[in-house]
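The values are calculated or read from the model by the stated rules, or taken from the named source; none is laboratory data. All of these numbers come straight from a predicted model, not from anything done at the bench. We place every Cβ from the backbone using ideal geometry, glycine too, and count neighbours over all the protein chains shown. For the accessible areas, the whole protein counts, side chains as well, though only heavy atoms, and no ligand, DNA or RNA atoms are used. Shrake-Rupley method; radii C 1.70, N 1.55, O 1.52, S 1.80 Å.
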Amino acid sequence: MKDRYGRKIEYMRVSITDRCDLRCRYCMPEGCEKVSMSQILTYEEILRICRTASELGISRIKITGGEPFVRLGCTDLIRSIKAIEGIDEVTVTTNGQTLERYIDELKEIGIDGINISLDTLKPDRYTYITGRGELDRTLASIERSVSSGIKTKINCLLQKGFNEDELFDFAELAFRYGIDVRFIEMMPVGAADAGTGVSNTDVLRRLMERWPDLKADRSTHGNGPAVYYKRSGTEGSIGLISAIHGKFCEHCNRVRLTSQGQLKPCLSFDNGTDLRAALKGNDDELRKVMRKAIYEKPEAHSFSDTENNDDHAEHRLMSQIGG
Ligand code: SAM
Ligand code: SF4
């Protein structure tokens, strides 16, 4: 369906848990509070919302969190969402710590893509930024995912003075594996300070200096706002997701469902529609509530370079709202 600004809303990011096996400093710092399981939507409730969303024109779903694979039965949920009429694509985003063991099943289910988040290729830095993670496990997941033939993307968040020196190493992963490697600008949500992030304007300048043959790649790569670049003769592309320095709200096609059942029309605002209440009603009532929430999606986000100053700025952690 279209929202009041005429944008076609066809993509929903579904957070199935606020829990995670890592503690990335900008997303879910040590000591953050967890929501009790009784406040989290059941899989039946998530499926009902996805079915209703598909009736409203949502055809692509991304499973996210928290870390989706820490919730038992995640692959069963993915299988059930894949079976919903009108859902053309189901993908997942993960830190890759346990992904390797699910690859065969995900392949058999026919998952349409896996995004793996990885901010550094150095073991010590990995453990530092993630609080507790092991780099080798995520690297093994990437290898398995790529070799299984599942469409695999790497998402990297560059931070000033921390991992920006690894820019070219990450770009080379795209060329080596023939996959998309995307650089995401840090957004001022929850624990994150966008001032610590590297601007994608700088990223592109440095990439062009290093590889002058990089050219804009205008082929469709997925659901999102990434702008892609490619070198001639290589398979992989480099994507830039520039929420701060390349505002893309005019073309936004998405809404988010938090693990607690809030339908969030825009990441930057704390408000949304509580679907838990609507789930108590019948399907028509649920559809009506969801249609209104999607229709009223805000025109644009309120992020600035370093903060989010709006009265309704989102202060919950990224892991709680679903990144
Ligand atoms: N645990 C999974 C993972 O790490 O991919 C899924 C959830 S995580 C919140 C999804 C993505 O959000 C990750 O790629 C992470 O780097 C990104 N992220 C978290 N906080 C962010 C922020 N403040 N700005 C931009 N991206 C952020
Ligand atoms: Fe967990 Fe993903 Fe957040 Fe890192 S970015 S703490 S892996 S939810």
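Of the residues making up segment 196-227, those that are farther than 24 Å from ILE63 by Cα, open to solvent by 20 Å² or more (accessible area, probe 1.4 Å) and of a type in the set (Val, Ile, Thr) are THR196, THR201.
Of all residues in segment 123-143, those satisfying the criterion of being open to solvent by 80 Å² or more (accessible area, probe 1.4 Å) and either within 21 Å of the chain's Cα centre (by Cα) or within 15 Å of ligand 2 (Cβ to nearest atom) (or both) are TYR128, ARG132, GLU134, ARG137, GLU143. Confirm whether ASP3 is acidic (Asp, Glu) and within 13 Å of ligand 2 (Cβ to nearest atom). So ASP3 does not fit the description; no.
Across segment 12-39, what is the number of residues that are open to solvent by 10 Å² or more (accessible area, probe 1.4 Å) and either part of a loop (DSSP other than H, G, I, E, B) or without any contact (Cβ under 8 Å) to a residue 24 or more places away in the chain (or both)?
From segment 12-39, those open to solvent by 10 Å² or more (accessible area, probe 1.4 Å) are 13, 19-21, 23-27, 29-39; that's our starting set.
Now narrow it down to the ones that are either part of a loop (DSSP other than H, G, I, E, B) or without any contact (Cβ under 8 Å) to a residue 24 or more places away in the chain (or both): 19-21, 23-27, 29-38.
Adding up the residues that qualify gives 18.
Would you confirm whether any residue within segment 173-195 is part of a helix (DSSP H, G or I), open to solvent by 20 Å² or more (accessible area, probe 1.4 Å) and without any contact (Cβ under 8 Å) to a residue 60 or more places away in the chain? Yes, there is a match, as at least one residue in segment 173-195 is part of a helix (DSSP H, G or I), open to solvent by 20 Å² or more (accessible area, probe 1.4 Å) and without any contact (Cβ under 8 Å) to a residue 60 or more places away in the chain.
State the number of residues belonging to segment 276-313 that are outside any loop (DSSP other than H, G, I, E, B) and either at pLDDT 90 or above or among the basic types (Lys, Arg) (or both). Working first, answer last.
Taking segment 276-313 first, the residues outside any loop (DSSP other than H, G, I, E, B) are 276-278, 283-295, 303, 308, 313.
Imposing the further condition that a residue be either at pLDDT 90 or above or among the basic types (Lys, Arg) (or both) reduces the set to 276-278, 283-295.
Residues flagged as outside any loop (DSSP other than H, G, I, E, B) and either at pLDDT 90 or above or among the basic types (Lys, Arg) (or both) within segment 276-313 amount to 16.
Give the number of residues within segment 34-88 that are closer than 25 Å to SER117 by Cβ and hydroxyl-bearing (Ser, Thr, Tyr). Qualifying residue count, segment 34-88: 5.
Scanning segment 129-172 for residues that are farther than 21 Å from ILE103 by Cβ, touching a residue at least 40 places away in the same chain (Cβ under 8 Å) and assigned to a helix (DSSP H, G or I) returns ILE129, GLU166, LEU167, PHE168, ASP169, PHE170, ALA171. Reported count of residues in segment 60-117, each being touching a residue at least 24 places away in the same chain (Cβ under 8 Å), part of a loop (DSSP other than H, G, I, E, B), out of contact with any Leu (no Cβ under 8 Å at 6 or more places or on another chain) and away from ligand 1 (no atom under 15 Å from the Cβ), is 7. Taken across segment 149-158, residues that are away from ligand 2 (no atom under 16 Å from the Cβ) and open to solvent by 30 Å² or more (accessible area, probe 1.4 Å) do occur, with at least one present.
Reported count of residues in segment 40-55, each being surrounded by 19 or more Cβ atoms within 10 Å (Cβ to Cβ) and in contact (Cβ under 8 Å) with a residue 60 or more places away in the chain, is 6. The one condition from (1) of a type in the set (Ser, Thr, Tyr); (2) part of a helix (DSSP H, G or I); (3) open to solvent by less than 40 Å² (accessible area, probe 1.4 Å) that THR120 does not meet is (2).
So that you can scan it fast, the table gives a plain yes or no per residue for (1) in contact with a strand residue (DSSP E or B) (Cβ under 9 Å, 6 or more places away or on another chain); (2) within 16 Å of ligand 2 (Cβ to nearest atom); (3) under 18 Å from THR138 (Cα atoms):
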position: SER54; (1), (2), (3): yes, no, no
position: THR64; (1), (2), (3): yes, yes, yes
position: ASP76; (1), (2), (3): no, no, no
position: ALA83; (1), (2), (3): no, no, no
position: ILE87; (1), (2), (3): yes, no, no
position: THR91; (1), (2), (3): yes, yes, yes
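Annotation note: Cβ proximity below 9 Å between a residue of segment 297-323 that is more than 18 Å from VAL255 (Cβ to Cβ) and a residue that is at pLDDT 80 or above and basic (Lys, Arg) (sequence gap 6+ or interchain) occurs for SER319/ARG19.
Could you tell me whether any residue of segment 240-251 is open to solvent by less than 40 Å² (accessible area, probe 1.4 Å), at pLDDT 95 or above and under 17 Å from the mean Cα position of the chain (by Cα)? Steps first, answer last, please.
At the first step, the residues of segment 240-251 found to be open to solvent by less than 40 Å² (accessible area, probe 1.4 Å) are 240-244, 246, 249.
In the following step, the residues that additionally are at pLDDT 95 or above were identified as 240.
After this cut, where a residue has to be under 17 Å from the mean Cα position of the chain (by Cα) as well, the list is 240.
Yes, segment 240-251 contains at least one residue that is open to solvent by less than 40 Å² (accessible area, probe 1.4 Å), at pLDDT 95 or above and under 17 Å from the mean Cα position of the chain (by Cα).
Residue-level analysis places ILE103 outside the set of residues that are open to solvent by less than 20 Å² (accessible area, probe 1.4 Å), under 24 Å from ARG256 (Cα atoms) and away from ligand 2 (no atom under 13 Å from the Cβ). Please count how many residues of segment 56-70 are of a type in the set (Val, Ile, Thr) and open to solvent by 10 Å² or more (accessible area, probe 1.4 Å). Final tally of qualifying residues: 1.
Can you tell me how many residues within segment 196-219 are away from ligand 2 (no atom under 16 Å from the Cβ), touching a residue at least 24 places away in the same chain (Cβ under 8 Å) and not in a loop (DSSP other than H, G, I, E, B)? Let's see the steps before the verdict.
If we filter segment 196-219 for residues that are away from ligand 2 (no atom under 16 Å from the Cβ), which is where we start, we get 198-219.
Next, only the ones that are touching a residue at least 24 places away in the same chain (Cβ under 8 Å) stay: 198-201, 203-204, 206-207, 210-211, 214.
Those left that are additionally not in a loop (DSSP other than H, G, I, E, B): 200-201, 203-204, 206-207, 210.
Looking only at that region, the number is 7.
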